[in-house]
Structures are given as structure tokens and as C-alpha cells.
Number of protein chains: 2
Amino acid sequence: MSPIPPVAELEILSQGDEVVQGYTVDTNAAWIAQRATELGLAVGRHASVGDDPAAIAGLLFEAADRATEIVCTGGLGPTDDDHTADAVAAAFGLELRVHPQALEQIRARYATFGRELDVTGQRQARIPAGARLLENRWGTAPGFVVERWPCRLWFLPGVPREMRRMMEAHVIPGWRKRYPQLEAGRLVTVRCVGLGESRAQLLLRGLEHPAVRLGFRAAVPEVQIKLRFEADADEAFVAEYVEQVRGVVERWAYTVQDSTVPGSGGSLEGVVGRALLARGETVATAESCTAGRVAAALTRKPGSSAWMLEGAVVYSNAAKERLCGVPAAMLEEHGAVSEPVALALAQGVRQRSGATWGLATTGIAGPGGGTEDKPVGTVHIAVAGPEGTAHRLLRLPGDRQHVMDLSVASVLKLLHEQLS
Amino acid sequence: MSPIPPVAELEILSQGDEVVQGYTVDTNAAWIAQRATELGLAVGRHASVGDDPAAIAGLLFEAADRATEIVCTGGLGPTDDDHTADAVAAAFGLELRVHPQALEQIRARYATFGRELDVTGQRQARIPAGARLLENRWGTAPGFVVERWPCRLWFLPGVPREMRRMMEAHVIPGWRKRYPQLEAGRLVTVRCVGLGESRAQLLLRGLEHPAVRLGFRAAVPEVQIKLRFEADADEAFVAEYVEQVRGVVERWAYTVQDSTVPGSGGSLEGVVGRALLARGETVATAESCTAGRVAAALTRKPGSSAWMLEGAVVYSNAAKERLCGVPAAMLEEHGAVSEPVALALAQGVRQRSGATWGLATTGIAGPGGGTEDKPVGTVHIAVAGPEGTAHRLLRLPGDRQHVMDLSVASVLKLLHEQLS
């Protein structure tokens, strides 16, 4: 066993012409980085190069000189533009050999598709001498690990689905073993909607505690408050601290995700969908400014026909009248972007559809259409239910897309409040 | 004037803890890379580091040794974790000075928000000695250029909107001037929907011509066929060649974008919206499996209330009957996912809304709900108009999200055909 290197630092490398030429956004690097950061492993650098063996070898050589951990994705496939194994061999002066176990795994994998292993497929079994094989049960190209003390280099396929599973199956357990202090963390995430990151920071000022590492992450339209505890933190202390944080942001929090509780947390539409399913309740939507986006969010999860009945996209005033029974006089008096119209839309769609809940949005997404009274970003949302109708007036910042996204999240959050 | 360096190669750097820790996906790098690739400038590498002046300086120093062009985004803002100017000064031994013109531009920018320039804001006017200022008319932080022959380094803000405008206003004109051969290209893009990349390649086999560089780009749900000509290519030859390509993919092409024709091309929803606007026509939607996503696409562009009247999200059979008048017997006999129901939905929503065009989707997005007859990915789309109703049966691959996205694009494409 090697001793633990003093400072653990990760570099994330990816390769492929499509990445370096910008035709693919490198979401792999962000995913790996986030996973590492959540575990407490510092990320030093990301880098990408094209399908050029010399460039890959150069990048590997210099990165191995800086980092203690490297994850390199891509270039393990069967075709002529897959150069990773050759580049590793060149960078570190290793011989390339067909690895019998790798060959066996690839052959078995091909067999499940009813295919014979051909010469092209065999290319994927070439592994640098001394490298440890990483089985890929989710695709054909196996990965491998190379040790260049103090640096350890992990080579994974570039297909996001395969990369993620191999990270969870091989790399993260490897990190935990090499850096036992990583094992220590318990991460509790309070997920909020309608709250800005800087406001969240302000609200939690004074709650700092030496046993908790507090972090914030903006993932529009969400803000996530991340509480990191030691693994052996007292259960009662954790529960009390989380409750305190949750209390401060109660108006915005919709779920608490705990890394020690499988299945906890989830997206806003997922949490709302699960709650509706559990209660055997249904929903219908009447959307003006969001024009179908609330219905789209409510149907993102499979099985959504259990809770989603129907929706009306009431862009024109005529549609508001005909589809949701909003009186013409009300539209005339208050304008389409108003509290009475939001209430009438929610109640109208609820009544006509027979759904348990009616959701409505009406507002000015921009860039045009704003007035002094009702500037761009003015949005009324309403949720009609068995006990009455809730309403909220939003004053949203940002461009058309942003106003629409925040409106969708806000009306789902308002429904979530009624369901809680 | 400096002589032209022999091999032009670009490196793209970005910085920020949120990027390196994976909380932000670096879409800037992909955007810049794609722009450069389209212009014919080779991209060597992307790299990102966190908000650490020494790490940034180190990265700049080594990259300047490899590349002839560097674009570095981020770290130009007013706060304490914005370190780019300091890192540039450290990397190249330059003094940092408050640039009077930069200070003036920032002050003027603050004034438009009704704000006084404070000490924090002034930080953004510190520019390395000898650097050339790049005005930022879209935000507060100016950019700058540093020359380290043969490398030229461009520093831009990390906000994507500002970065993109500064690329178009400053960097790309700078590249064109330094590398006159880049000016040479004329890029014609035939944008297609419903066509796979490999099928596109197969279809165009035999059309290769030495005076045209042919490329393909998959941007789900689109495939773009890229034809690059010399700038002085004969106009008649270009027109004829483009017509030939367009003819082969006619069934799928919805627009031709020409880099020498400002305003040509655009997204499918933009092209459809413009056509509706020009004809003074309107649209209404009846969506089952896409559940609001067609309406959302039709309202993505500002001004969409001119053509979008209303939509019905008819997830349940009851909604199909009540909102679009689909006969219960038809649903019973053919099932909701069928040609007659798609036609009835499109005709029903058209008639009830009074719109010129009625668009409908009904299908099985999955992962559940598929049968032997109607597997996951079976989608019927229809467009009802003044001359009758067009229908298409789609057999779509991929997961729920993919099936939905392709269904949306396909029904917009079917409308586009009716409009042409």
C-alpha cells in the first residue's frame, strides 16, 4: 500500500474533437467535479484536448506532475479516433497489451447484443502494462487505472451514462479508500425555490457552527443550502441544526435531501408528483405567460398521467374566457395580468376539469408588454383547491426565459405549500 | 504590425470556483470553440481553474507558451474573488493601473442604473499596463487584450450574454484581421429536423466536391449540414450546390442559413413564427404526449402573442373529449394514440379556437405504456389548416425526454411544410 499523499487534488481531463471544437458541451467534467467537491476532494483544473495522441500524452504527462488524482474520460472506444490507451503508453513509457480479462468482458458484452467480437472491438482490450482493469458493465469499453506515484490516473469511457456508473462503481470507492477522511461527510441539502443565493446567505448569518460546513449552490430556479456534517455527528444535533436552517428558509424550502437517507429529496416536480400520487389527487393548469411550461414540468416524470389531467394555454383573452370562464368584464376592468384573473383562471380550470387542484399563471414575460404599473417580470400565480385559492404576486428579474422558468417553479412551490 | 504567426491555434481558458467545482457547466468554452471552429481557427485545448490567482497565473503563462490566441473568460468582476487582472500582471510581470477610459465607461454604466461608482466598482478599471481596453456595452466589467508575441490573450467577462457580444464585437473582428485567411470562408448551413446524422451523411454521398468542405452537426432535435465555400466562390456554383443538397434532404430541411446573408436561417420555432406573422395567421395546439411543450416552443420568441392563440393539454381522455370534441367512441375504437384521434384533436382545437392552424400530438413517450402494436416512441402528429389536415406517424427512438423533444420538432416541421 502506498502512503497517503499530503495534499489530495483532482484534475479532470476529457478528450475528443467534438468537445474541443465546442460541438459537445463537456457535462462530464462538471458532473465529476461536483461529485468530488461534494465528497470534499479539491478540484484543481479541468482540461480538454482533441483526438490527437501527442496532445493527449502531453496533457497526461503534465497533469500527472501536478495532481494526485486524475479522471480522464473519452477515447476508449473501438474506432480509429480513440487514442487514449496509446497516449497513456506514450506518456508514461508503458507497453500496450491485450488484457485477457478485458477481452473476455468485451466478448461477453458483444454476445449480449448477438454480435461476434471483431478486430475493431478487440482494440478496446489493449491496456497499458501494469494498469488495473475497471470493468464496464454498462458498455463495451473497459476502463483502467494507472499509478504514477503520487498520482493515480483513472480512465473512463466518455459516454455520460457509462462514465457516471463507473465513477460510482470504481472511482469513488477508490477515493474513499485512499483518502479515508472523505468517508467522513454527511451531506444534508435544503432545496429552496424563490430565494436568491445572497439572500439565503444573509438569512443564515449567525447560524454558523464549527461542526457544520455551510455551502450554497444556485441552480436556477433553485437555491440549495448544503450542510456538511462529520459522519459521526450526533444524530440529535444534526436533526436540530437542519430544523433550525429549515425554519429560517421555511417559506422557500420544499425538500430536505440527506446523503444517509436513500430516496430523500428530489426535484420540485418530482416531490409534488409524489405527494399528489400519495394523496390520490389530480391537477389541471391554466397558463398564460408560461404557455405550457407548467404542464410540461408536471409531466416530466414517468407515470404523470396519474396526477396530470389537462391544461389550458390561455394566451389570448378569448381563450381565458372560453376555456376557463374568466368574465370579459373582469379582463376589461383589471387587465389579464391581475390577481382576480389569476384566481378566476385557477378556479375555472379546477372546476371544469374536475381536478383536485387548479394552477394558474398570468404575467408579463417580456421583453415587450411592460408598463409603469406592471413592468416586465410582474406575474400573478394562483392555486385553487378544496379549501380555497392561494395567490401570490411575483416581481421577477431577468429575461423572458428566466421569468418563465421562475414562474413555473413558483406556482409548483405554491401547490407544494398547499399539499404540506 | 506583427507578422502573421505560422500556425494559428486557440486555447480557451475559464476560471471560477463554480466552474472547477462543477456547479456551473462551462458553456462559454463550447460556444467560443464552436465559433472558432466555424471560422476555421483550430482549437488546441480548453482549461479551467478556480478563483486562485497563482493557479490562474500559472495557467496563463503555460498556455501563452503553446497557443497563438487565448480567450480567457471570468474573474473580471468587482468582488474579492475576481482575480484575473492580478493574475495577468503576475504571469507576465506587468503593472496594474487604473485605466482612465475604463473608469469612465464603468462610471457611465453605473449611472444608467442610477448608481454611484464605489470602490468595489472601481476595481474593474484596473488593467495591466500595455493592455488594450475592450469596451463592454452589455455589462460593467470591461475586457482587455494582452500581446505576448506570438500569443494574443483576450480577457472577457464570464457572463455568457456579455461574453458572446464581446466575442462578436471585439475578438472575432480581431481574429479576422490577424488571420486574413479566416475571412475567406462562406458558410451555408442547411438545417434539418427529423433526419439522423448518419443518414444525412449517407444521403449526401456522391455530392462531394473539391471546392466545398462538407460537415455535419447533430444538435438534437436538429441536424445541420454545413457547406463551407471559399469567399470568392462563384455565386452560381454556390446557389446550384446548395440547391442540390437541399433537394436531397428536402423532406427534412426547414431553412438555409448563409453567413453572407444577415438574418437568414434561425431556429425552427423562429422560422415558423416569422412565417405566421408575415401571413397574419394564428395557431392553436392540442397536445397529449408533449403536454404543453409545443405551446412552449411556439411562445419562446418575444411577440408570440401575434400568432399563438391558445393550447389544450389533453392528457386525459376526458380532456380530449371536452376540450377538443374528440368522440368517446373514436377513443374507444382506435385508442388515444391513433391517426383518427390526432386528426380530430387538430381539427377540434382549430375549430374551437378560430386559429388558422391546429396542431396536435398524441403518442407514447415512455418509459411505460408501450405495447407490441404501439411501442414506446409511437407518436401521431397532425396539422389542420384551411386546406385540410396533414398527418404523420412517427416511430421515435430514445428516452421520454427525447421522444417529447422530437415530437415537438416534428409537428412544428409539419406546420412549416404547410406554410411553404
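Here are a few things to note about the model shown:
- Applying the criterion of being out of contact with any Cys (no Cβ under 9 Å at 6 or more places or on another chain) and β-branched (Val, Ile, Thr) to the residues of region B:306-364, the residue that is nearest to the other protein chains (Cβ to nearest Cβ) is B:Val313.
- Qualifying positions in region A:157-202 - of a type in the set (A, V, I, L, M), touching a residue at least 60 places away in the same chain (Cβ under 8 Å), more than 29 Å from A:Leu406 (Cα to Cα) and surrounded by 20 or more Cβ atoms within 10 Å (Cβ to Cβ): A:Met163, A:Met167, A:Val171
- Criterion: small (Gly, Ala, Ser) and in contact with a Leu (Cβ under 7 Å, 6 or more places away or on another chain) - qualifying residue of B:Ser264, B:Ser304: B:Ser304
Results for (1) of a type in the set (Val, Ile, Thr); (2) in contact with an Asp or Glu (Cβ under 7 Å, 6 or more places away or on another chain); (3) under 21 Å from A:Ala169 (Cβ atoms), shown as yes or no for each residue.
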site: A:Thr37; (1), (2), (3): yes, no, yes
site: A:Gly77; (1), (2), (3): no, no, yes
site: A:Asp82; (1), (2), (3): no, no, no
site: A:Gln101; (1), (2), (3): no, no, yes
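- Some residue of region A:268-276 being in the same structural domain as A:Ser410 (by TED's automatic domain parsing), aliphatic (A, V, I, L, M) and over 30 Å from A:Leu202 (Cα atoms): yes
- Residue within region B:115-124 that is within 16 Å of B:Glu162 (Cβ to Cβ) and surrounded by fewer than 24 Cβ atoms within 10 Å (Cβ to Cβ) present: yes
- Consider region B:253-295 and keep the residues that are in a loop (DSSP other than H, G, I, E, B) and at pLDDT 95 or above. The one that is nearest to B:Ser410 (Cα to Cα) is B:Thr290.
- When each of A:Gly77, A:Gly130, A:Gly114 is tested for being in the same structural domain as A:His170 (by TED's automatic domain parsing), part of a loop (DSSP other than H, G, I, E, B) and under 16 Å from A:Cys151 (Cα atoms), the lone residue that passes is A:Gly130.
- Some residue of region B:85-108 being under 29 Å from the mean Cα position of the chain (by Cα) and in the same structural domain as B:Pro173 (by TED's automatic domain parsing): no
- Within region A:186-199, the residues that satisfy the criterion of being within 20 Å of the chain's Cα centre (by Cα) and not hydroxyl-bearing (Ser, Thr, Tyr) are A:Arg186, A:Leu187, A:Val188, A:Val190, A:Arg191, A:Cys192, A:Val193, A:Gly194, A:Leu195, A:Gly196, A:Glu197.
- Which listed residue is surrounded by fewer than 23 Cβ atoms within 10 Å (Cβ to Cβ), over 28 Å from B:Val223 (Cα atoms) and not β-branched (Val, Ile, Thr), from B:Gly398, B:Gly354, B:Gly366, B:Gly348: B:Gly354
- Screening A:Leu60 with (1) more than 9 Å from chain B (Cβ to nearest Cβ); (2) outside any helix (DSSP H, G or I) gives one miss only, at (2).
- Qualifying residue in region A:5-14 (condition: touching a Pro at 6+ places or on another chain (Cβ under 8 Å) and surrounded by fewer than 17 Cβ atoms within 10 Å (Cβ to Cβ)): yes
- Spans of helices (runs of 4 or more DSSP H) in region A:321-420 with at least 1 residues closer than 11 Å to A:Cys289 by Cβ and aliphatic (A, V, I, L, M): A:339-353, A:400-419
- A:Gly265 vs. criteria in contact (Cβ under 8 Å) with a residue 24 or more places away in the chain, away from chain B (no Cβ under 14 Å) and closer than 30 Å to B:Asp405 by Cβ: yes
- Set A:Thr79, A:Thr120, A:Thr112, A:Thr84: member being within 14 Å of another protein chain (Cβ to nearest Cβ), on the phi < 0 side of the Ramachandran plot and modelled with pLDDT under 95: A:Thr79
- Complete set of residues in region A:278-293 that are more than 7 Å from chain B (Cβ to nearest Cβ), farther than 13 Å from B:Tyr315 by Cα, crowded, with 24+ Cβ neighbours inside 10 Å and not charged (D, E, K, R): A:Ala286, A:Ser288, A:Cys289, A:Thr290
- Of all residues in region B:203-248 being of a type in the set (Phe, Trp, Tyr) and surrounded by fewer than 19 Cβ atoms within 10 Å (Cβ to Cβ), the one that is farthest from the chain's Cα centre (by Cα): B:Phe237
- Any hit, region A:22-37, residues being at pLDDT below 85, touching a Gly at 6+ places or on another chain (Cβ under 8 Å) and of a type in the set (D, E, K, R): no
- The condition of being in the same structural domain as B:Val379 (by TED's automatic domain parsing), buried (at least 24 other Cβ atoms within 10 Å of the Cβ) and touching a residue at least 24 places away in the same chain (Cβ under 8 Å) holds for only one of B:Val314, B:Val337, that being B:Val314.
- Any hit, region B:113-123, residues being hydroxyl-bearing (Ser, Thr, Tyr) and out of contact with any His (no Cβ under 8 Å at 6 or more places or on another chain): yes
- Of everything listed in (1) crowded, with 19+ Cβ neighbours inside 10 Å; (2) more than 28 Å from the chain's Cα centre (by Cα), the single unmet condition for A:Gly75 is (2).
- Qualifying residue in region A:152-165 (condition: under 23 Å from the mean Cα position of the chain (by Cα), assigned to a strand (DSSP E or B) and assigned by TED's automatic domain parsing to the domain that holds A:Arg126): yes
- Members of region A:6-48 found to be in contact with a His (Cβ under 8 Å, 6 or more places away or on another chain) and either at the interface with another protein chain (Cβ under 9 Å from one of its Cβ atoms) or of a type in the set (Phe, Trp, Tyr) (or both), listed by number: A:Ile12, A:Ser14, A:Val19, A:Val20, A:Asp26, A:Ala29, A:Ala33, A:His46, A:Ala47, A:Ser48
- Matching residues, region B:305-352, being among the aromatic types (Phe, Trp, Tyr) and modelled with pLDDT under 95: B:Tyr315
The values are calculated or read from the model by the stated rules, or taken from the named source; none is laboratory data. Predicted, not measured: the structure shown is a model, and the values here were computed from it. Heads up, the Cβs are rebuilt from the backbone with ideal geometry, glycines too, and the neighbour counts pull from every protein chain shown.
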